[in-house]
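The values are calculated or read from the model by the stated rules, or taken from the named source; none is laboratory data. Because the structure is predicted, anything quoted here is derived from the model rather than measured. Counting neighbours? That spans all protein chains shown, and the Cβs are built from the backbone with ideal geometry, glycine included. What goes into the accessible areas is simple: the full protein's heavy atoms, side chains included, and nothing from ligands, DNA or RNA. Shrake-Rupley method; radii C 1.70, N 1.55, O 1.52, S 1.80 Å.
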Amino acid sequence: MDFEGIVPDWFKSFVDMGNTLLWGDFLIGLLILAGLYFSISSRFVQFRWFKEMFKVITEKPETLPDGRKGIAPFQAFAISAASRVGTGNIAGVATAIVLGGPGAIFWMWLIAFFGAATAFFESTLAQVYKVKDEEGGFRGGPAYYMEKGLNQRWLGLFFAVLITITFAFVFNGLQANTIAHAYQEAFNLDRWVVGLVIAIFTAIVIFGGARTIANVAGYIVPVMAVIYLLVVFVILIINYDQIIPMLTAIVTNAFGIREVFGGALGAAILNGFQRGLFSNEAGMGSAPNAAASAAVSHPVKQGLIQALGVFFDTMIVCTATAILILMYTDLSYGADALQGIQVTQAAMSEQIGSFGATFIAIVILLFAYSSILGNYFYGQSNLNYIRENRVVLLIFKALVVVMVFIGAVMDLETAWATADMFMALMAVTNLVAVFGLSHIVWQVAADYKAQLKTGVNPVFQTNNIKADLSEVDEWGENRYAYRNEERP
């Protein structure tokens, strides 16, 4: 069955024009400016509180007033990791290297370093301005802090529509596309067959509710990441003599000192930033939706956890993939070279034999499928912000399942280009709001630090903040059934 023409030419032209306008100097400059501003203004919180990140991620969830346990900090981390760790870490890294050269990885590291501070700000804001959901838990994100913090309901609605379309439809289509290409390469399966199977399993999970998604992601993400990283680590040990030359190639190509093809410096920067943003999502406004769902005693705790998520995604998982690909002896560069998941499969096959393509196909299934679940969670959360209606939600779930199938059968270039345009729109909209509310984060972080110095488990109270938080409803004396206990 031929589905290659499923996307009309006018849509492809529209996407190309949008990417040309957004991914010029404008968005790259904005991402750098945001990362510098949030890092310097917080005195590099991503370094200062790095140790604290590991403390808060292991904490138990707070007990809600009705006696139930809320979503644990680690579960919220897993939901965001489920979306972060996926296609971008395997297929996206391969595409960045092929189109931008080894230097693209350096720029990916750079955007992650500064992006960790951006993630801290946006996720702390998501916790401050979150609201109760219909299941007794919490939801929030950029749409909520745009309305409650900036008093701009229209901007919140615009972002909610944007993120719902981007994650539930566009990004899920891309994840399915990558899975389908991987199984076509490894087992010669028709992509429409793979797409149909993915769509069925997606439907089974998303009709189970947000808590089911949290539980499934909590099991899948750690297992898939550990297995994948262990395999790459073993390959590194076997090829230890190639590590230094490989790192040297990344740095020299990053600054155009040793280009692998014409125009490599600009291509390295562009592809490093594009694939880095797609992978770690810092500043895009997606991870705050997961951060808001956690039941924690202080907003800063989720800010720290999501900053850690950026490091985990880029510095560990993306770098592991990059090392594997750069070891591939037949690696080619440029727009006409082999791209995407097939490059990673070929690189793995060279290291471990013919099973390599099959192994990557299994890994990408777990990575991308967990991303589909995380993406759906973001879409549902923002759909509820726009309008809470069971019928609308039912239709939305059905459309998500349909888009998973369509994404699996569309061409690779269109899938990536569409994702690039929509994530750029999200990042611009979200960063405007985070800039405007950065003073709130400064005060909330100062409150957290002051409580840490006294040796207690930090508990947030709005009356400890000078800024006007009259629109904040979920932080008060009866917010949780907690006690201000000593930290272990």
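Computed quantities for the displayed model
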| read-out | value |
| --- | --- |
| Residues being more than 14 Å from the chain's Cα centre (by Cα) and not in a loop (DSSP other than H, G, I, E, B) - total across the stretch 108-141 | 15 |
| Meets criteria (modelled with pLDDT of 85 or more, small (Gly, Ala, Ser), assigned to a helix (DSSP H, G or I) and buried (at least 23 other Cβ atoms within 10 Å of the Cβ)) for Gly195 | yes |
| Contacts under 7 angstrom Cβ, first residue in the stretch 88-108 being more than 21 Å from His181 (Cβ to Cβ) and open to solvent by 10 Å² or more (accessible area, probe 1.4 Å), partner among the aromatic types (Phe, Trp, Tyr) and in a helix (DSSP H, G or I), 6 or more apart | Trp107/Phe273 |
| Residue in the stretch 281-299 that is out of contact with any strand residue (DSSP E or B) (no Cβ under 7 Å at 6 or more places or on another chain), at pLDDT 85 or above and among the hydrophobic types (A, V, I, L, M, F, W, C) present | no |
| Hits in the stretch 288-332 (condition: β-branched (Val, Ile, Thr) and surrounded by fewer than 24 Cβ atoms within 10 Å (Cβ to Cβ)) | Ile316, Thr319, Ile323, Ile325, Thr329 |
| Hey, Ala168 part of a helix (DSSP H, G or I), modelled with pLDDT of 90 or more and open to solvent by less than 10 Å² (accessible area, probe 1.4 Å) or not | no |
| Residue list for the stretch 131-161, restricted to those being buried (at least 21 other Cβ atoms within 10 Å of the Cβ) and aliphatic (A, V, I, L, M) | Ala143, Met146, Ala160 |
| Yes/no for Ala417 being at pLDDT below 85, among the small types (Gly, Ala, Ser) and part of a helix (DSSP H, G or I) | yes |
| Some residue of the stretch 400-408 being within 27 Å of Ala126 (Cα to Cα) and either part of a helix (DSSP H, G or I) or touching a residue at least 24 places away in the same chain (Cβ under 8 Å) (or both) | yes |
| Those helices (runs of 4 or more DSSP H) lying entirely in the stretch 22-62 with at least 3 residues open to solvent by 70 Å² or more (accessible area, probe 1.4 Å) | 25-41, 50-56 |
| Residue in the stretch 333-347 that is more than 26 Å from the chain's Cα centre (by Cα) and among the polar types (S, T, N, Q) present | no |
| Unique residue being of a type outside the set (A, V, I, L, M, F, W, C), surrounded by fewer than 19 Cβ atoms within 10 Å (Cβ to Cβ) and closer than 22 Å to Met17 by Cβ when the list is Glu413, Glu350, Glu388 | Glu413 |
| Count of the stretch 125-142 residues which are modelled with pLDDT of 90 or more and within 14 Å of Leu431 (Cα to Cα) | 3 |
| Residues of the stretch 427-458 that turn out to be in contact with a His (Cβ under 6 Å, 6 or more places away or on another chain) and of a type outside the set (Phe, Trp, Tyr), as a count | 1 |
| Failed condition for Val441, given (1) modelled with pLDDT under 90; (2) assigned to a helix (DSSP H, G or I) | (1) |
| Some residue of the stretch 173-191 being open to solvent by 50 Å² or more (accessible area, probe 1.4 Å), closer than 23 Å to Val402 by Cα, at pLDDT 85 or above and among the aliphatic types (A, V, I, L, M) | yes |
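Conditions tested, residue by residue: (1) surrounded by fewer than 20 Cβ atoms within 10 Å (Cβ to Cβ); (2) within 30 Å of Ile165 (Cα to Cα).
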{"site": "Leu431", "(1), (2)": "no, yes"}
{"site": "Gly436", "(1), (2)": "yes, yes"}
{"site": "Gln443", "(1), (2)": "yes, no"}
{"site": "Ala450", "(1), (2)": "yes, no"}
{"site": "Gly455", "(1), (2)": "yes, no"}
{"site": "Pro458", "(1), (2)": "no, no"}
{"site": "Lys466", "(1), (2)": "yes, no"}
